[in-house]
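Participant: Can you read through this structure? Questions will come right after.
The values are calculated or read from the model by the stated rules, or taken from the named source; none is laboratory data. Remember, it's a predicted structure, so these values are computed and weren't measured experimentally. Cβ sites come from the backbone with ideal geometry, for glycine too, and all protein chains shown count toward neighbours.
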2 protein chains.
Amino acid sequence: MSGGEFNSWQSVQAEVLRRINAREWKPGDFIPNEAELAIEFGCARATVNRALRALAESGLLDRRRKAGTRVSLNPVRKATLDIPVIRYEIEGKGQTYRHTVLTQERAVPPSGIQARMQVEQGIKLIHLVTLHLADGKPYVFGDRWINPAAVPGIEAADLTVKSANEWLVANIPFEGGDFSFSAITAGPREAEILACKEGEGLFVIDRSTWNKGLVITSVRLTFAPGYQMHTKI
Amino acid sequence: MSGGEFNSWQSVQAEVLRRINAREWKPGDFIPNEAELAIEFGCARATVNRALRALAESGLLDRRRKAGTRVSLNPVRKATLDIPVIRYEIEGKGQTYRHTVLTQERAVPPSGIQARMQVEQGIKLIHLVTLHLADGKPYVFGDRWINPAAVPGIEAADLTVKSANEWLVANIPFEGGDFSFSAITAGPREAEILACKEGEGLFVIDRSTWNKGLVITSVRLTFAPGYQMHTKI
DNA sequence: CAGGTTTTTATGTATATACTTATAGTCCAA
DNA sequence: TTGGACTATAAGTATATACATAAAAACCTG
């Protein structure tokens, strides 16, 4: 034992990874505890802790107090994906960005939205339909509901200049958000707005964000055919 | 100054978050350095470091040596999503899981797969089409290519018992993976396998995983209509 | 003043030590 | 045999200290 050349948490992490990959430690196995590993690696326990904590965060190890650390049995892989602002996404591809507001109104939301946003029945919300274009071609359109009670200042904002999303990101802090990703079949409305055929499969992101218990906004982004969201582990 | 009640990195993190949300520190602003915050909060610099590091990892702060720490200008929100094993996903909903192998063959892959998997032209790979069912109904089907050179033992495995994915997860370590999410329009083949109508929008995950420079497997999962992938920030 | 060198500084990390906390396991009593 | 109390243990965290490292800023020098 006591190799003694492990003097950074990254090197400890690499060695632990190596052992997992080499199946010296198999899925489900308990690995030695921090104190033992610290002795073996010739470093402080805090260094081992740092390495193992990072691996646990990425889902490769399961750690529980008193129980110990084990190699994940069913490694629920955690992919982290960046939720970009659409303008940056388009500009990042070297295309020119433009957006137009198709409709803007105050209206009582349909019951699905009303429930999702947890507002009382009959309350009017801001309803905004916008189209984002890349090099002049439809890229994605957003059907968005905003709760004005949760967004001071929204009434005064000119959302034709900055998109609603950008305005909200810049002006309203938020605690969290729900995302769901799915596919829909293009109906007449989607086909017209996105200039695609009826019956095409379209990628959809539904998102709501909230702050201090209030749902700020709920939006459905419907992307033009061919859109891909990409990520790596 | 020197409030002095911040004695855990979580409480420091909460206070920093509060200041960001309250716009005491605005996007783009530099915040005081670790040493100053440690004095103000009445804790050790390591504690401040732990709190700020976590916030930086989640994308809310930008940190650079010597330059300092600032509130992110365009907070690229990072959502982490769990990539589940399909069986667990189905069983987690209380449904019964079953899977069938539709076809299994060794074949030269089409050029797209061949390029993606970085194998030489003309090399035969294992091609596997499987259908996963929830409560007897089609849930998702997988069109998978496996590089046998990267997967010792796959020839001997009986993939009709355990699904290919489960077998691979349990037996072959991997370093990383590419994921992409998109929507397709159901053609005759998809409609038949998934028992849906032609022309419906279907959610699709394309994934390849690799280890030691070799692409192990590349799979396209095509989900039955209505599938949603969910995540929170 | 351009270009390179040195200094300064804020974050990054390692370590020993001490204490906290969750909890698996054990023990005991009803 | 069950269920609650106790205990031992492994991870989790805080702290002071020291040093490493990247990079901005200041300083030369030709």
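Participant: Name the single residue, out of those in region B:1-34 being near DNA strand D (Cβ under 9 Å from one of its atoms) and either in contact (Cβ under 8 Å) with a residue 12 or more places away in the chain or within 12 Å of chain A (Cβ to nearest Cβ) (or both), that is surrounded by the most Cβ atoms within 10 Å (Cβ to Cβ). Spell out how you get there, then give the answer.
Facilitator: At the first step, the residues of region B:1-34 found to be near DNA strand D (Cβ under 9 Å from one of its atoms) are B:6-12.
Subset that is either in contact (Cβ under 8 Å) with a residue 12 or more places away in the chain or within 12 Å of chain A (Cβ to nearest Cβ) (or both): B:6-10, B:12.
On the way: B:F6: 22, B:N7: 13, B:S8: 12, B:W9: 19, B:Q10: 13, B:V12: 24.
So the residue we want is B:V12.
Participant: Could you please find all residues in region A:64-75 being more than 25 Å from the chain's Cα centre (by Cα) and either surrounded by 15 or more Cβ atoms within 10 Å (Cβ to Cβ) or in a loop (DSSP other than H, G, I, E, B) (or both)? Full working, then the answer.
Facilitator: Step one: list which residues in region A:64-75 are more than 25 Å from the chain's Cα centre (by Cα), which gives A:64-71, A:73.
Listed by number, the residues that qualify are A:R65, A:K66, A:A67, A:T69, A:R70, A:V71, A:L73.
Participant: Further question on the same structure: Do we find that A:N165 is under 20 Å from the mean Cα position of the chain (by Cα) and surrounded by fewer than 19 Cβ atoms within 10 Å (Cβ to Cβ) in this structure? Show your work before the answer.
Facilitator: Details: under 20 Å from the mean Cα position of the chain (by Cα): yes; surrounded by fewer than 19 Cβ atoms within 10 Å (Cβ to Cβ): no.
So A:N165 fails the test.
Participant: Restricting to region B:76-120, and then to whatever is buried (at least 16 other Cβ atoms within 10 Å of the Cβ) and free of Cβ contacts under 8 Å to residues at least 12 places away in the same chain, can you tell me which residue is nearest to DNA strand C (Cβ to nearest atom)?
Facilitator: Among those that are buried (at least 16 other Cβ atoms within 10 Å of the Cβ) and free of Cβ contacts under 8 Å to residues at least 12 places away in the same chain, it is B:E89.
Participant: Of all residues in region A:43-60 being more than 14 Å from DNA strand C (Cβ to nearest atom) and without any contact (Cβ under 8 Å) to a residue 40 or more places away in the chain, which is nearest to B:A54 (Cα to Cα)?
Facilitator: Checked region A:43-60; the qualifying residue nearest to B:A54 (Cα to Cα) is A:S58.
Participant: Right, another one. Within region A:36-63, track down each residue that is more than 21 Å from the chain's Cα centre (by Cα), within 14 Å of chain B (Cβ to nearest Cβ) and more than 10 Å from DNA strand D (Cβ to nearest atom).
Facilitator: Correct list: A:T47 only.
Participant: Which one is nearest to the other protein chains (Cβ to nearest Cβ), of the residues in region A:192-233 that are outside any loop (DSSP other than H, G, I, E, B) and farther than 24 Å from B:T80 by Cα? Break it down stepwise before answering.
Facilitator: First, pick out the residues of region A:192-233 that are outside any loop (DSSP other than H, G, I, E, B): A:192-194, A:201-211, A:214-223, A:228-232.
When the remaining residues are screened for being farther than 24 Å from B:T80 by Cα, the result is A:192-194, A:201.
On the way: A:E192: 16, A:I193: 15, A:L194: 12, A:G201: 3 Å.
Ranking the candidates gives A:G201 first.
Okay, residues lined up against (1) in contact with an Asp or Glu (Cβ under 9 Å, 6 or more places away or on another chain); (2) modelled with pLDDT of 85 or more; (3) outside the structural domain of A:E190 (by TED's automatic domain parsing):
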{"position": "A:I126", "(1), (2), (3)": "yes, yes, no"}
{"position": "A:T130", "(1), (2), (3)": "yes, yes, no"}
{"position": "A:P138", "(1), (2), (3)": "no, yes, no"}
{"position": "A:R144", "(1), (2), (3)": "no, yes, no"}
{"position": "A:T160", "(1), (2), (3)": "no, no, no"}
{"position": "A:V169", "(1), (2), (3)": "no, no, no"}
